[in-house]
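To keep things clear, I will list the structure first and then write my remarks on it.
All of the numbers you see were taken from the coordinates with simple rules; none came from a lab. A quick note: this is a predicted structure, and the numbers were derived from the prediction, not measured. Virtual Cβ from ideal backbone geometry, glycine too; neighbours counted across all protein chains shown.
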Amino acid sequence: MELRYGLNPQQGGAHAEPVIPGEWPLRVLNGAPSYLNLLDALSGWRLVREAAEALGRPVAASFKHVSPAGAALAGPVDGPTAQFYGFDPAQGIASPLASAYVRARDADPRSSHGDFAALSHPVDAELAELLARVVCDGVIAPGYEPGTVGALSAKKRGRFLVLVADPAYVPPRLEERELYGLRLTQARDEVPLTADLLGDVVCGQEPLPPSAAEDLLLGLAVVRHARSTAVCYVRGGVTLGIGAGQPSRVDGTRLAGAKAATWWLRRHPALQAMEFAPEVRRQERADWQVRRAEGDLTPDEHLRLAASLAAPMPELPDEERRAWSALLSGVSFASDGALLFRDNVDHAARHGVRWIAEPGASLRSGDVAAACAEHGITLIRTGLRLFQH
């Protein structure tokens, strides 16, 4: 398969071919993929496929630059979010898969701008209609209901990427990559994500509530397919914040925690009441809502946001912001590697975390457990590292 270009436009000669001749994990139904498109598509497909197998529900992921911006299980979508994405709040979203993608995309709508959508189940008409009206570069799914491929192919002047994954495809046991003239080989990580991984409760609540176990498994699937060192905050089957690719794990914990705080603040009535001028596009509205939640607008942003509004901006005093943030609770936290210091726990506790799953076996595991006990957090040791580089 000839690709448009490599990671950058100046990198020509890009192509893809199956490791086993004739055995392709996907097919192109529309568009011409780039090197990065395929990385996002295959990474996203592996995540949603694994999560759906582990949890038995439709899963969606919004991928950007080979890491998930958001991931979610099918589930309830609140009225304001449904309306924001063009659905009738009274009727809601009929398609479970469409609900999963709305929830995944809304987890971090700024990062999901121009994403690659990955779906665990065949795309239906309701989801195809949604994909057609958001800023998205392509989609991968195991199938498409009649008429949906044609509808999606018209997006982006016919350049929208539509890929179909083969759910029966089994990759080779060995993985290879080349870097600077050196070929590296390793066995593929085939350890399944199951509830058995959550059996070693070091401190806290036992047995786990089913909702917490579900969130932790989703979190483990997400960090397995994000750039290490990866952590993930999950609540109600939705990733609230993902931190990936940071040399320091605590930096990833803080970054993901800030995203979780932003997700929660976007639900504040003052932010929901922001009334935009009709000409302001949906993505711009999402970006402004995120910036207002983050609370550090520059002077120029203050002016531009005011110009985008059809009515004065509702007040959100710092005291009320702090009080609202303190209401966030019932959050699960998953880490792809061991928590080396208690600082990860201290930062996670600020964002309503009540359950943590991590591999354990660090030199300071006792300090980590003590911190969890102090904060009333249940700590689970999975014994499974999930690095992805």
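For residue 283 and residue 304 in one chain, what is 0.36 nm times their gap in residues minus the Cα-Cα distance, to one decimal in nm?
Here the segment from residue 283 to residue 304 would lengthen by 6.1 nm.
Taking 1 over the mean of 1/r across every pair of different Cα atoms in the range 334-389, what Kirkwood radius in Å do you get?
11.1 Å
If you take the square roots of the eigenvalues of the alpha-carbon gyration tensor of the range 210-325 and sort them as a ≥ b ≥ c, do you get rounded (a/c under 1.5), prolate (a/b over b/c) or oblate?
prolate
Plugging the Kirkwood radius over Cα pairs into Stokes-Einstein for the range 303-357, at a temperature of 37 °C and a viscosity of 0.692 mPa s, what D comes out in µm²/s?
After rounding, the answer is 231 µm²/s.
State the percent of C-alpha pairs, over all pairs in the range 86-197, separated by a distance greater than 18 angstrom.
Roughly 61 percent, rounded to a whole number.
Please report the base-10 log of the normalised intensity I(q)/I(0) for the range 269-315, using a Debye sum with one equal scatterer per alpha carbon and no solvent, at each q in 0.33 (1/Å).
-1.59
According to the Kirkwood expression over distinct Cα-Cα pairs, how big is the hydrodynamic radius of the range 233-389, in Å?
After inverting the pairwise mean of 1/r, the radius is 17.1 Å.
From zero up to wherever the largest Cα-Cα distance of the range 181-253 sits, split into 5 Å bins and tell me the percent of pairs in each.
Computed distribution, short to long bins: 3, 14, 19, 20, 21, 13, 5, 3, 2, 1, 0.
About the Cα centre of the chain, what is the dipole size in debye to 20, counting +1 per Lys and Arg Cβ and -1 per Asp and Glu Cβ, all else neutral?
Charge dipole of the chain: 480 debye, to the nearest 20.
For residue 311 and residue 90, compute 0.36 nm times the residue count separating them, minus their Cα-Cα distance, and round to one decimal in nm.
Numbers: separation 221, 0.36 × 221 = 79.56 nm, distance 2.50 nm.
That works out to 77.1 nm of additional length.
How big is the charge dipole of the range 269-315 about its Cα centre, in debye rounded to the nearest 20, if each Lys and Arg gets +1 on its Cβ and each Asp and Glu gets -1 on its Cβ? Display every interim value, and only then the final one.
On the way: 6 positive and 9 negative charges, 36 e Å.
Result for the range 269-315 is approximately 180 debye, rounded to the nearest 20.
Expressed as cubic angstrom per residue, what is the convex hull volume of the alpha carbon set of the range 7-84?
148 Å³
Which trypsin sites (Lys or Arg not before Pro) in the range 96-205 sit in a loop by DSSP (not H, G, I, E or B) and have at most 12 other Cβ atoms within 10 Å of their own Cβ?
Loop-located and lightly packed - 173, 188.
Given (1) 141; (2) 129; (3) 159 as candidate values of volume of the Cα convex hull per residue in Å³, which corresponds to the one derived from the coordinates?
Label (3) holds the value from this structure.
Extending each Cα 7 Å along its Cβ direction at residue 185 and residue 53, get the distance between those two points in nm, one decimal.
2.4 nm
If R0 is 30 Å, what FRET efficiency do you get for residue 83 and residue 323 from their C-beta distance, rounded to 0.05?
The formula returns an efficiency of 0.70 here.
Quick check on the chain: helices-only [θ] at 222 nm, where DSSP H runs of length 4 and up contribute -39,500 (n - 2.57) each and the sum goes over total residues. Nearest 500, please.
-10500 deg cm²/dmol
Suppose the chain between residue 4 and residue 129 were pulled fully straight at 0.36 nm per residue; how much longer would it get relative to their current alpha carbon spacing?
42.3 nm
Kindly identify the range 115-155 as rounded, prolate or oblate by the Cα gyration tensor criterion: order the square roots of the eigenvalues as a ≥ b ≥ c, call it rounded if a/c is under 1.5, otherwise compare a/b with b/c, prolate if a/b is larger, else oblate.
It comes out oblate by the Cα gyration axes.
Does the range 26-165 come out rounded, prolate or oblate by the C-alpha gyration tensor, with a ≥ b ≥ c the root eigenvalues, rounded set by a/c under 1.5 and, if not, prolate when a/b is larger than b/c and oblate if not? The partial results should precede the final answer.
Values: a/c = 1.44, a/b = 1.24, b/c = 1.16.
Here the range 26-165 falls in the rounded category.
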